[in-house]
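Worksheet: one structure, shown below.
Taken together, the values in this text are just the output of simple stated rules run on the coordinates, not laboratory data. Quantities reported herein were computed from a predicted structural model and do not represent experimental measurements. A quick note on method: Cβ atoms are made from the backbone with ideal geometry, for glycine too, and the neighbour counts reach across all protein chains shown.
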């Protein structure tokens, strides 16, 4: 299938379906000598996996990674790394009743239009199940970024429905820690807002419905100079990476869509020189100017739609074009945001690792 490879110098290729025997990723470009084992991947996989709390789908998957190649005596060899994650709790029977119906909000019809056939078991290749190996690859990218250049990538839930925790101040966003994010199952770092979000998600689930929201993705320590002019701008690659994830409907960076109502005098960031570096006191440019990193934090916001699979009747048509209704059974997240956070982090890390390696080839002497 075309479109299953992402990246240039740090490149991944994935394969697998929602209800297949497993998913696999091949990573090319990881430099030799990076210490790596399965435990380095498990932490982020545990944050993404189903069944981790009452707020998410109860599909029971351990998501234990098997490193098949590219690591010897605990270190990367510089050759391709292959990682396999086996599926353990598929229930394809949950989908047998809808195999001839198109689910609203899903890719059923578009896959039929493209290939003339589809895997109806949970969405097949278009399912978020495929993201487990992306998260595994992202964990490798995170370790490379952290150990080779001090870059840290962190995401958190900043919105569920109309509930918001999204302080605009650069200092407040920079101060968010992984411990704060992981303190509650909804992954909002503000305890009071997190409690309200949990209550809302539980209410929506009781009404056999779902709800959307947004994720803030923040990368600290990215030096100035990463990214390419024109078509391979850092912002363009980050947008493509995040839009490649299921359920993403919008991506913005810096002041984002709010810039539509601002003047230049309000949106520009004043420049100054501190500790030998050019810095800005505000970060409306989101850490990127001309598609190249400025040295300020990379600051993105990603909007996630409500889960399309809901257990209430919706109007649809069959594969033969006959009108009917559908109620999706099975195990589904009432809100995708808690499990999206490590997925978003992974895609940001993959892009940054790619541009880090690309910059090594052109780095000024």
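Summary table below
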| quantity | calculated |
| --- | --- |
| Region 268-319 and region 172-242: distance between their alpha carbon centers, rounded to Å | 9 |
| Anisotropy class of region 119-177 from Cα gyration tensor, a/c 1.5 cut | oblate |
| Modelled label reach - residue 80, point 7 Å along Cα→Cβ, region 1-29 residues with backbone N closer than 19 Å | 1-17, 22-29 |
| Most to least packed among 319-329, 301-311 [average Cβ atoms within 10 Å] | 301-311, 319-329 |
| 0 to 90° range, to nearest 10: angle between helix 234-243 axis and the chain longest Cα axis | 10 |
| Among 80, 261, 210: highest mean-square fluctuation, GNM of the chain, C-alpha pairs under 10 Å | 261 |
| Diffusion coefficient, µm² s⁻¹, Stokes-Einstein with Kirkwood Rh over alpha-carbon pairs of the chain at 10 °C and 1.306 mPa s | 74 |
| Diffusion constant of region 153-253 at 4 °C, which comes from Stokes-Einstein with the Kirkwood Cα-pair radius and 1.567 mPa s, µm²/s | 85 |
| Gained length - residue 305 relative to residue 68, 0.36 nm times residue gap less alpha-carbon distance | 81.8 nm |
| The chain - percent relative contact order, Cα under 8 Å, separation 6 or more | 22 |
| Prolate/oblate/rounded label for region 83-233 (Cα gyration tensor, a/c 1.5) | oblate |
| Diffusion coefficient, µm² s⁻¹, Stokes-Einstein with Kirkwood Rh over alpha-carbon pairs of region 299-361 at 25 °C and 0.890 mPa s | 160 |
| The chain: calculated mean residue ellipticity at 222 nm from DSSP helix runs of at least 4, using -39500 (n - 2.57) | -8500 deg cm²/dmol |
| On Cα atoms only, tilt of 39-48 relative to the major axis of the chain in degrees | 60 |
| Tilt relative to the chain, helix 131-149 - C-alpha long axis, 0 to 90 degrees, to 10 | 10 |
